[in-house]
Amino acid sequence: MTEYSAVRAGTFKIGSDLEVNRLGFGAMRVTGSGIWGPPIDRDEAIRTLKRLPALGVNFIDTADSYGPDISEWLIKEALHPYRDGSIVATKGGLARHGADIWLPLGRPEYLIQQVHKSLRNLGVEQIDLWQLHRIDPKVPANEQFDTIKSLIDSGLIKHAGLSEVSVAEIESASKVFKVATVQNRYNLVDRTSEDVLDYCTKHGIGFIPWYPLAAGDLAKSGSLLDYVATQHGVSPSQIALAWVLKRSPVMLPIPGTSKVKHLEENVRAADVDLTDDQFNALDAEGRKAFQRK
Ligand SMILES: NC(=O)c1ccc[n+]([C@@H]2O[C@H](COP(=O)([O-])OP(=O)(O)OC[C@H]3O[C@@H](n4cnc5c(N)ncnc54)[C@H](OP(=O)(O)O)[C@@H]3O)[C@@H](O)[C@H]2O)c1
C-alpha cells in the first residue's frame, strides 16, 4: 500500500452489504476515441487498471457499451480473479453503432443478453452491481424494472442500480426491486441532480457521480478553487473531487483515466481534508456558476 490511498475516503456498503472504499474508478476511458474500440496505449491502460489494488481502489465502474466490451475485457485481463474485496460494477441498456453514438435499448431480451455477456466478459458467475444505463423511453419502464428483478432473483446480479434518473423514477423502480445505487452526472458546477443526491443520502442509496472532476471556470487561476488548491498544495481538480467526497456519505465518485499518473493524482484527493468553511464557500461558488449556465 502507498502512503496515500482511497482508504482515506472512508467506506460505503452497496446494497447494505458490499463494502467499498468511497473513491472508486471509472473504466470508460480505457477505450478508444469516442469510447469506441481499443485504447491508443493499451499497455498504459492495463498498467492503470493493475495499479488500482495497491492504491486501495476497490470499486470499479464499467459498462458493456464501453468499447463496446473492451473495458470489461481489459478489467478481466488486468484484475481477474478480483481480490481484496474488489467490486466491479457494470451497466447495460445502451446500444452502440459507432464512436460517440449511444442509443437506449431496454427490451428485456436485450438486457438479459447483455448481462450474460458481461458475466463472460468479466469472468464472474454473478455481477456485484449491475446498473440500467438508461431507462429506454420506447419500452414501458416497468418491463425494464421487472427484468432487473428477474436478474436479481435468478442470481445473475447481486445488486442493481439506475443511471440518469429522477427521484420519481427511483421511487417507481423501488416498488419492483431494491435500488442500490444511482449514477447521475454531478460535480461542483453541475448541480442538476441535487434533489436526487439528497434523496439517495436520505435513503442510504449509493450515489455515483459521473464526470466528478469537472470544475469549469472555477478552476481558473485566481479563483476560490485555485486559492483553496494552493492552500492544500494540490490541483483544482483534486479539490473538486475532495469537495464531491465531502458532500455526502453515500457519494461514490468514479474519476476515470487511462493513465497511471492521473490515477495517482486522483487518489490523492482522498487525503485532502477540506474545512467546513472551505467546503461551504466552494459550494456557494459552484451553485452560482451552475445558475449562470
Ligand atoms: N452513467 C453514465 O451515463 C456515465 C456517463 C459517463 C461516464 N460514466 C462513468 O463515469 C466515469 C467518470 O466519468 P468521465 O470519465 O466522463 O469524467 P471524469 O472522470 O471526471 O474525467 C475524465 C477525463 O479527465 C481526464 N483526467 C482524469 N484524471 C485526470 C487528471 N488527474 N489530470 C488531468 N486529466 C485527468 C481523463 O483523461 P486521461 O485518460 O487523459 O486521464 C478524461 O478525459 C467514467 O469512467 C464512467 O465509468 C457514466
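The values are calculated or read from the model by the stated rules, or taken from the named source; none is laboratory data. Only a predicted model underlies this, so the values are computations on that prediction, with no experimental measurement involved. Heads up, the Cβs are rebuilt from the backbone with ideal geometry, glycines too, and the neighbour counts pull from every protein chain shown.
State the number of residues belonging to the stretch 50-86 that are assigned to a helix (DSSP H, G or I), surrounded by fewer than 24 Cβ atoms within 10 Å (Cβ to Cβ) and without any contact (Cβ under 8 Å) to a residue 60 or more places away in the chain.
Step one: of the stretch 50-86, the residues assigned to a helix (DSSP H, G or I) are 50-51, 53-55, 70-79.
Now narrow it down to the ones that are surrounded by fewer than 24 Cβ atoms within 10 Å (Cβ to Cβ): 50-51, 53-55, 70, 73, 76-79.
Next cut, without any contact (Cβ under 8 Å) to a residue 60 or more places away in the chain only: 50, 53-54, 70, 73, 76-79.
The qualifying residues number 9.
Assess whether S174 counts as being farther than 20 Å from E109 by Cβ, of a type outside the set (D, E) and modelled with pLDDT of 95 or more.
Yes; evaluated as a whole, the condition is true for this residue.
Need pairs with beta-carbon distance below 8 Å; first residue over 22 Å from Q291 (Cβ atoms) and within the stretch 192-209, second charged (D, E, K, R) and within 15 Å of the ligand (Cβ to nearest atom); sequence gap 6+ or separate chains.
Listed pairs, sorted by first residue: I208/D61.
Can you list the helices (runs of 4 or more DSSP H) lying wholly within the stretch 99-184 that have 2 or more residues being of a type in the set (D, E)?
Working: elements: 108-122, 141-153, 167-174.
Helices (runs of 4 or more DSSP H) meeting the threshold: 141-153, 167-174.
Quick check on the stretch 162-192: of everything there that is small (G, A, S) and touching a helix residue (DSSP H, G or I) at 6+ places or on another chain (Cβ under 9 Å), which residue is farthest from D61 (Cα to Cα)?
Our first condition is that a residue be small (G, A, S); within the stretch 162-192, this holds for 163, 166, 168, 172-174, 180.
From what's left, touching a helix residue (DSSP H, G or I) at 6+ places or on another chain (Cβ under 9 Å): 166, 172-174.
Details: S166: 21, S172: 24, A173: 21, S174: 22 Å.
Looking at residues that are small (G, A, S) and touching a helix residue (DSSP H, G or I) at 6+ places or on another chain (Cβ under 9 Å), I get S172.
Do you know which residues across the stretch 165-195 are surrounded by 15 or more Cβ atoms within 10 Å (Cβ to Cβ), closer than 16 Å to L245 by Cα and more than 13 Å from the ligand (Cβ to nearest atom)?
Listed by number, the list holds a single entry, R191.
When the residues of the stretch 77-120 are narrowed to those that are more than 16 Å from the ligand (Cβ to nearest atom) and touching a helix residue (DSSP H, G or I) at 6+ places or on another chain (Cβ under 6 Å), which ends up nearest to G56 (Cα to Cα)?
Within the stretch 77-120, the subset more than 16 Å from the ligand (Cβ to nearest atom) is 77, 80-85, 97-98, 107-110, 112-113, 115-117, 119-120.
Checking the rest, the ones that are also touching a helix residue (DSSP H, G or I) at 6+ places or on another chain (Cβ under 6 Å) come to 84, 108, 115.
On the way: D84: 9, P108: 36, V115: 27 Å.
Among them, the one singled out is D84.
Criterion first (within 16 Å of the ligand (Cβ to nearest atom) and either crowded, with 18+ Cβ neighbours inside 10 Å or touching a residue at least 24 places away in the same chain (Cβ under 8 Å) (or both)) does A281 satisfy it? So that I can check it myself, show each step before the final result.
Details: within 16 Å of the ligand (Cβ to nearest atom): no; either crowded, with 18+ Cβ neighbours inside 10 Å or touching a residue at least 24 places away in the same chain (Cβ under 8 Å) (or both): yes.
Spelling it out, it is not the case that A281 is within 16 Å of the ligand (Cβ to nearest atom) and either crowded, with 18+ Cβ neighbours inside 10 Å or touching a residue at least 24 places away in the same chain (Cβ under 8 Å) (or both).
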